[in-house]
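Structure first, commentary second.
The values are calculated or read from the model by the stated rules, or taken from the named source; none is laboratory data. The structure displayed is predicted, hence computed values, not measured ones. Note that we place each Cβ from the backbone using ideal geometry, even for glycine, and neighbour counts take in every protein chain shown.
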């Protein structure tokens with residue numbers, strides 16, 4: 001048991017003296033890209049997850065609000081068992097430690113991705129979520145996210161300045177595409193390291209506290225063009241087309257697949273620009289450098305999408321001649 005950390009000591013005191021639980025064991029459960037920490041606690045031979053979210057850095061109220069909304073919509077999220085708003089602690093059902101990423105391979109991928117896409121249907125059609133009081137994934141938020149690429153990745157990590165006319169044109173294309181899509185509940189981080197494989201084979205959903213109302217394709221591309229694992233274009237197109245047919249049947253979309261695929265591609269590019277910035281920030285600001293290993297895959301997605309759309313070819317050339325060489329030079333130092 002870890003006892004040399006004041007936050008953990010306060011957490012254990014809350015569990016034992018306020019919740020009247022006897023904690024037999026407490027150990028780290030997972031790493032997180034935020035300031036939140038998770039611990040697996042053993043209580044009467046059963047395990048639970050304790051979230052530690054320091055109130056000066058994290059707010060657990062959105063987590064609790066969205067957890068309740070998702071439960072109402074029958075999204076498979078961990079049950080909240082106890083909470084402490086003042087100290088930023090939550091006791092949760094334990095979904096285990098097997099990420100979807102752990103079980104994905106050529107033989108299992110179609111089964112699990114089909115299951116994961118089915119898990120998105122409530123977010124795309126459930127009335128409670130469609131009408132929920134969630135922040136809007138609007139132009140301001142889309143721009144703030146893409147600014148992470150310029151600020152943290154290009155300028156601070158690579159020391160490369162983006163040509164402003166070119167960069168504004170790219171942002172305008174991506175924003176317009178996002179805002180013309182059907183508006184649904186967006187998990188915002190729906191990928192193989194936030195989906196857990198439960199003992200019964202079902203998938204559990206984690207890290208949903210940043211949910212918003214926004215573009216239909218965001219979570220789909222987060223899953224299928226995952227920053228932690230990649231698949232052939234043929235597989236992705238097959239999974240995407242199958243899910244598109246379901247969305248058509250459910251009357252969630254009324255466009256053809258070509259338009260839907262364009263939405264998917266450009267939404268993925270917006271997300272991957274943001275993610276490059278986040279990975280750079282985690283390294284530079286938070287001393288969490290493991291995420292740098294996923295930058296090559298993430299950059300490759302961006303370059304590929306630019307190559308598919310003539311209006312993005314100029315940005316593709318800038319990436320190839322400025323960003324990629326600067327990254328390759330920097331990565332020789334960072335990824336040794």
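So how many residues does segment 44-63 have that are surrounded by fewer than 19 Cβ atoms within 10 Å (Cβ to Cβ) and within 12 Å of residue 91 (Cβ to Cβ)?
2
Among the residues in segment 16-24, are any in a strand (DSSP E or B), loosely packed, with under 15 Cβ neighbours inside 10 Å and free of Cβ contacts under 8 Å to residues at least 40 places away in the same chain?
Our first condition is that a residue be in a strand (DSSP E or B); within segment 16-24, this holds for 23-24.
Still in the running and loosely packed, with under 15 Cβ neighbours inside 10 Å: 24.
Filter once more, so that each one left must be free of Cβ contacts under 8 Å to residues at least 40 places away in the same chain: 24.
Among the residues of segment 16-24, at least one is in a strand (DSSP E or B), loosely packed, with under 15 Cβ neighbours inside 10 Å and free of Cβ contacts under 8 Å to residues at least 40 places away in the same chain, which makes the answer yes.
On the basis of being outside the structural domain of residue 189 (by TED's automatic domain parsing), under 20 Å from residue 7 (Cβ atoms) and without any contact (Cβ under 8 Å) to a residue 40 or more places away in the chain, does residue 64 make the cut?
Taking the combined requirement at face value, the residue satisfies it.
Checking residue 107 against (1) within 27 Å of residue 227 (Cα to Cα); (2) modelled with pLDDT under 95; (3) out of contact with any helix residue (DSSP H, G or I) (no Cβ under 6 Å at 6 or more places or on another chain), which single condition isn't satisfied?
Status for residue 107: all satisfied but (2).
Suppose we filter segment 254-273 for residues that are surrounded by fewer than 20 Cβ atoms within 10 Å (Cβ to Cβ) and either touching a helix residue (DSSP H, G or I) at 6+ places or on another chain (Cβ under 9 Å) or touching a residue at least 12 places away in the same chain (Cβ under 8 Å) (or both); how many remain?
5
Looking at segment 70-83, which of the residues that are in contact with a helix residue (DSSP H, G or I) (Cβ under 6 Å, 6 or more places away or on another chain) and buried (at least 20 other Cβ atoms within 10 Å of the Cβ) is nearest to residue 294 (Cα to Cα)?
77
Taking residue 159 as the residue in question, decide whether it is closer than 27 Å to residue 292 by Cβ, at pLDDT 95 or above and not in a helix (DSSP H, G or I). First the steps, then the outcome.
Details: closer than 27 Å to residue 292 by Cβ: yes; at pLDDT 95 or above: yes; not in a helix (DSSP H, G or I): yes.
It is true that residue 159 is closer than 27 Å to residue 292 by Cβ, at pLDDT 95 or above and not in a helix (DSSP H, G or I).
State all residues of segment 112-143 that are in a helix (DSSP H, G or I) and surrounded by fewer than 12 Cβ atoms within 10 Å (Cβ to Cβ); if no residue qualifies, say none. Reasoning before the result, please.
Residues of segment 112-143 in a helix (DSSP H, G or I): 112-118, 121-125, 127-130, 139-143.
Correct list: 127, 140.
Sort out which residues of segment 41-69 are in contact with a helix residue (DSSP H, G or I) (Cβ under 9 Å, 6 or more places away or on another chain) and not in a strand (DSSP E or B), and write them in order of number.
Once the filter is applied, which keeps residues that are in contact with a helix residue (DSSP H, G or I) (Cβ under 9 Å, 6 or more places away or on another chain) and not in a strand (DSSP E or B), segment 41-69 yields 53, 54, 69.
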